[in-house]
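Student: Shown below is the structure under consideration.
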Amino acid sequence: MFGAMASTSHEPATAQLALPEDVEQLRAQLQQLRSTLAERDAEADLEERRRDYAELANHYYDLVTDFYRFGWGPSFHFAPRRAGETFLASLEREQHRLAADMELGPGKAALDVGCGIGGPMREIARHSGAIVAGINNNAYQSMLAERANVRTDLVERCPIQVGDFMRIDQPGASYDAAYCLGTTCYAPDETAAFVENARVLKTGGILANHEWCLTPPFDPADPDHHDIKRRIEIGSGLPVLSRHTDVASALEAAGYDVIEFRDIAHDCDESTPW
């Protein structure tokens, strides 16, 4: 997982699934989706998967969201862990770090690009005092996020927009900062996604990005590496995994000054590897 910075839990940890048969039904549906994706050739259907990115991501998250809530909590991302630190504590610490890096505070506004069920945006809003809006093209997740906002009295501080982050329905220069936690890897064109992020940022605004990437040791000629890559794409409903250098190039092509770009998996303590 690479982290990038560029310029231009107070919530329940788990959600109880209703009945065992619900789990079995979801598991069967997810397996069917994965089987369908596995039948496609990774290269031959690349353009098709990129074109159908919204449908692919929506179908995937319709199926897995309740599993994620049950086992992951309200924040669907990873973070480096320190020795003795719980998984949920590491997520909260990383969210606070992002808030500081984006220089958020009272009077500032940020956009969570692909906000899931809103765990990070609520924590960042509470911690920083900023307004943190979210955009998500999945109606089910957006509904869950809105319900959680009501429960936590954050409706006004954390507005939700159901929509495509490739076409954000907001005027230009609306936000002081934006962040993406493992979401722009679903974009059909990452440069275009970053350009759209830049459009809604004020001049000098900061974009923070956590991104699934292929790291330098990846060898496309190694069948084991290729198999791991494909399994991640199928298991996460991704169109394609990009090389870390491609993501950096996309940020620069979109007009950003890349301030920091590194593999944050190396930030983990040796006793709590990624």
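Student: So in the stretch 57-91, with the set limited to residues that are more than 17 Å from Leu181 (Cβ to Cβ) and of a type in the set (D, E, K, R), which one is surrounded by the fewest Cβ atoms within 10 Å (Cβ to Cβ)?
Tutor: Per the stated criteria, the residue is Arg82.
Student: Which residue pairs have Cβ atoms closer than 7 Å, lie 6 or more positions apart in sequence or on different chains, and pair a first residue in the stretch 253-274 that is under 30 Å from Val195 (Cα atoms) and at pLDDT 90 or above with a second residue that is of a type in the set (D, E, K, R) and surrounded by fewer than 13 Cβ atoms within 10 Å (Cβ to Cβ)?
Tutor: Partner pairs satisfying both residue conditions: none exist.
Student: Residue check: is Asn197 more than 28 Å from Gly255 (Cα to Cα) and at pLDDT 95 or above?
Tutor: So Asn197 does not fit the description; no.
Student: Of the residues in the stretch 250-269, how many are farther than 23 Å from Leu201 by Cα and small (Gly, Ala, Ser)?
Tutor: 1
Student: Among (1) closer than 22 Å to Gly114 by Cα; (2) assigned to a loop (DSSP other than H, G, I, E, B), which single condition is Asp219 missing?
Tutor: (1)
Student: Restricting attention to the stretch 241-274, and to residues there that are surrounded by fewer than 17 Cβ atoms within 10 Å (Cβ to Cβ) and in a loop (DSSP other than H, G, I, E, B), which single residue is nearest to the chain's Cα centre (by Cα)?
Tutor: Checking each candidate, the answer is Trp274.
This table checks each residue for (1) in contact with a strand residue (DSSP E or B) (Cβ under 8 Å, 6 or more places away or on another chain); (2) modelled with pLDDT under 95; (3) not in a helix (DSSP H, G or I).
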residue: Leu91; (1), (2), (3): no, no, no
residue: His96; (1), (2), (3): no, no, no
residue: Ala100; (1), (2), (3): no, no, no
residue: Pro120; (1), (2), (3): yes, no, no
residue: Ala125; (1), (2), (3): yes, no, no
residue: Val150; (1), (2), (3): no, no, no
residue: Ile168; (1), (2), (3): yes, no, yes
residue: Ala177; (1), (2), (3): yes, no, yes
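Student: Give the residues of the stretch 127-148 that are part of a loop (DSSP other than H, G, I, E, B) and either surrounded by 18 or more Cβ atoms within 10 Å (Cβ to Cβ) or touching a helix residue (DSSP H, G or I) at 6+ places or on another chain (Cβ under 6 Å) (or both), sorted by residue number.
Tutor: Narrowing the stretch 127-148 to residues part of a loop (DSSP other than H, G, I, E, B): 129-130, 137-138.
Residues satisfying the conditions are Ala130, Asn137, Asn138.
Student: Does Tyr186 fit the bill of being modelled with pLDDT of 95 or more and buried (at least 18 other Cβ atoms within 10 Å of the Cβ)?
Tutor: Against the criterion (modelled with pLDDT of 95 or more and buried (at least 18 other Cβ atoms within 10 Å of the Cβ)), Tyr186 does not qualify.
Student: Do we find that Glu94 is surrounded by fewer than 18 Cβ atoms within 10 Å (Cβ to Cβ) and out of contact with any Lys or Arg (no Cβ under 6 Å at 6 or more places or on another chain) in this structure? Even if it seems obvious, please write down each step before you answer.
Tutor: Values: surrounded by fewer than 18 Cβ atoms within 10 Å (Cβ to Cβ): no; out of contact with any Lys or Arg (no Cβ under 6 Å at 6 or more places or on another chain): yes.
No: the conditions fail for Glu94.
Student: Any residue in the stretch 214-237 that is touching a helix residue (DSSP H, G or I) at 6+ places or on another chain (Cβ under 7 Å), within 21 Å of His77 (Cβ to Cβ), among the charged types (D, E, K, R) and at pLDDT below 95?
Tutor: Within the stretch 214-237, none of the residues are touching a helix residue (DSSP H, G or I) at 6+ places or on another chain (Cβ under 7 Å), within 21 Å of His77 (Cβ to Cβ), among the charged types (D, E, K, R) and at pLDDT below 95.
The values are calculated or read from the model by the stated rules, or taken from the named source; none is laboratory data. A quick note: this is a predicted structure, and the numbers were derived from the prediction, not measured. Backbone-built Cβ (ideal geometry, glycine too); neighbour counts: all protein chains shown.
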